[in-house]
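A quick write-up on the structure given underneath.
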Amino acid sequence: MDPSAAVRGAQRSGGLLAVHAHPDDETLATGALLATWAAARRPVTVVTCTRGERGEVIGTELAHLEGDGRALAEHRSGELAAALLALGVDDQVFLDTVPGPATDGTTGPLTGDRFEDSGMAWVGTGRAGASAELPPHAFVAAHAGDAARRLARVLRSRRPDVVVTYEPDGGYGHPDHVRAHEVTVRAVELAAAEGEGGQPPHVVPVVLWAAHDESALRSAYAALAGAAVADVLTGDEARLGRPDPEGPLPSVAVPGAWIDLTVDVAPVRTRQAGGAAGPRHPGDGRARGRRRCGSRRVLRAEQRGPRAAAADGGVPVRSGVRAAGPGVVARVVGPGRHVARRRAPGSLTA
Ligand SMILES: [Zn+2]
């Protein structure tokens, strides 16, 4: 099928679909975007690849969950549901619940395989790499083509206008994030190339990669390093390291000129903060705890200088980061007021 014909002829859903590796990534990496889209009453779907079995638990209150993959997965699944409620998102799919290919290579019923958090190790400042020991059912050890075919099924079913995931290096190198990016790229190709089970092919017009404007991120780091922040941090928060404003930046940070779409968090700040807080104790209003697959720094930076942004799975232009797809120029200015133009083919309007 000619992709450009599909773009021209398709009924636009106005939907957005986000692909993330672990619970809480949807809020930390793209919470403002999801909340903005939901507030505009457009369909939003979150696909979560694992349940975050090997996340790091911050603080003492939930410390007993660390290392107990099943218990942590259950807890984080509950937090994910609460976060999506806060963000206004009502459609979420765990990727391993989507029927995958049967053993004979055809697409059949569920294989029963579970995609689990692959774990990670810090290999540098703000830089994650593979864990020394890969756990059973690790997402990165699963067949990437299998995962992509499952995701392609979701894409054909939801038929989103926009797909968002991590940039190619997963924001800061987490192996599951990198794999989620790779699986998303492949799934977008598969969904466009072929239909399945009565679902016609679906061409995703715009693919976004979550990114920060590096100057905004450094400004946020500088604010975090200030005494005003130190004065209000208590308990576990006070023991967290704060990033060096002059230090190396994670791969999520890119030059501002490379960013094609910027999300203003201000109109949806309450929703995004609600998604980040997770379930609360009745009565005391304090977050029970927060897990991280990476660094709390990312959350803090996003709360102060959020820049979810973007590039299409289009033409590689510079190392690791791609420019917008053909003619895509987009800017989200607030709930219900996102504007997008696409020079050719067809048009993307919202
Ligand atoms: Zn993650």
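Read-outs: derived from the displayed coordinates by stated rules, not from any lab. These numbers were taken from a predicted model, which means no experiment stands behind them. No Cβ is skipped: glycine too gets one built from the backbone with ideal geometry, and neighbour counts run over all protein chains shown.
Please give the FRET efficiency for R114 paired with E66, using the beta carbon to beta carbon distance and R0 = 25 Å, rounded to the nearest 0.05. It would help to have the intermediate numbers written out before the result.
Values: r = 20 Å, r/R0 = 0.78.
Given R0 = 25 Å and the Cβ-Cβ separation, E is 0.80.
Calculate the FRET efficiency for E74 and T97 from the Cβ-Cβ distance with a Förster distance of 25 Å, rounded to the nearest 0.05.
Working: r = 15 Å, r/R0 = 0.60.
With R0 = 25 Å, the Cβ-Cβ based efficiency is 0.95.
Long-range amide H contacts for V93: which residues qualify at under 5 Å (H placed 1.01 Å from N, peptide plane, sequence gap of 5 or more or a different chain)?
Here the answer is V46, V47, T48, since their amide H atoms fall under 5 Å of that of V93.
Scan around G15 for amide H atoms under 5 Å from its own, H built in the peptide plane at 1.01 Å from N, and keep only partners 5 or more places away or cross-chain.
The list, which skips near neighbours in sequence, is D161, V162.
HN-Hα J couplings of region 188-195 from phi, Karplus 6.51/-1.76/1.60, θ = phi - 60°, integer Hz, Gly and Pro as x?
Rounded to whole hertz, the list is 4, 5, 5, 4, 6, 7, 8, x.
Mind ranking 243-250, 41-48, 30-37, 192-199 by how tightly packed they are, going by the mean number of other C-beta atoms within 10 angstrom, highest first? Mind dumping the intermediate values first?
On the way: 243-250: 15.5, 41-48: 21.9, 30-37: 29.5, 192-199: 12.5.
Put in order of decreasing packing, that is 30-37, 41-48, 243-250, 192-199.
Give me, ordered by chain and number, the residues 5 or more places off A210 or on other chains with an amide H under 5 Å from its own placed amide H.
Amide H to amide H, under 5 Å and 5 or more residues apart or across chains, A210 pairs with T165, Y166, E167.
So, in nm, how far is label A266 from label E246 when the simple model puts each one 7 Å beyond its Cα toward the Cβ?
Once both label points are built, they end up 3.2 nm from each other.
Starting at the first residue of region 44-56, write each ³J(HN,Hα) from the Karplus equation 6.51 cos²θ - 1.76 cosθ + 1.60 with θ = phi - 60°, in whole Hz, x for Gly and Pro.
Going residue by residue, I get 10, 10, 10, 9, 10, 7, 9, 9, x, 4, 10, x, 8 Hz, with x marking Gly and Pro.
Full extension from A238 to W122: what is 0.36 nm times the residue separation minus their Cα-Cα distance, to one decimal in nm? Walk me through the intermediate numbers first.
Values: separation 116, 0.36 × 116 = 41.76 nm, distance 2.08 nm.
Separation in residues times 0.36 nm, less the Cα-Cα distance, equals 39.7 nm.
Based on the Cβ-Cβ distance from A230 to A257, what FRET efficiency comes out when R0 is 41 Å, to the nearest 0.05?
Numbers: r = 33 Å, r/R0 = 0.81.
Efficiency for this residue pair is about 0.80.
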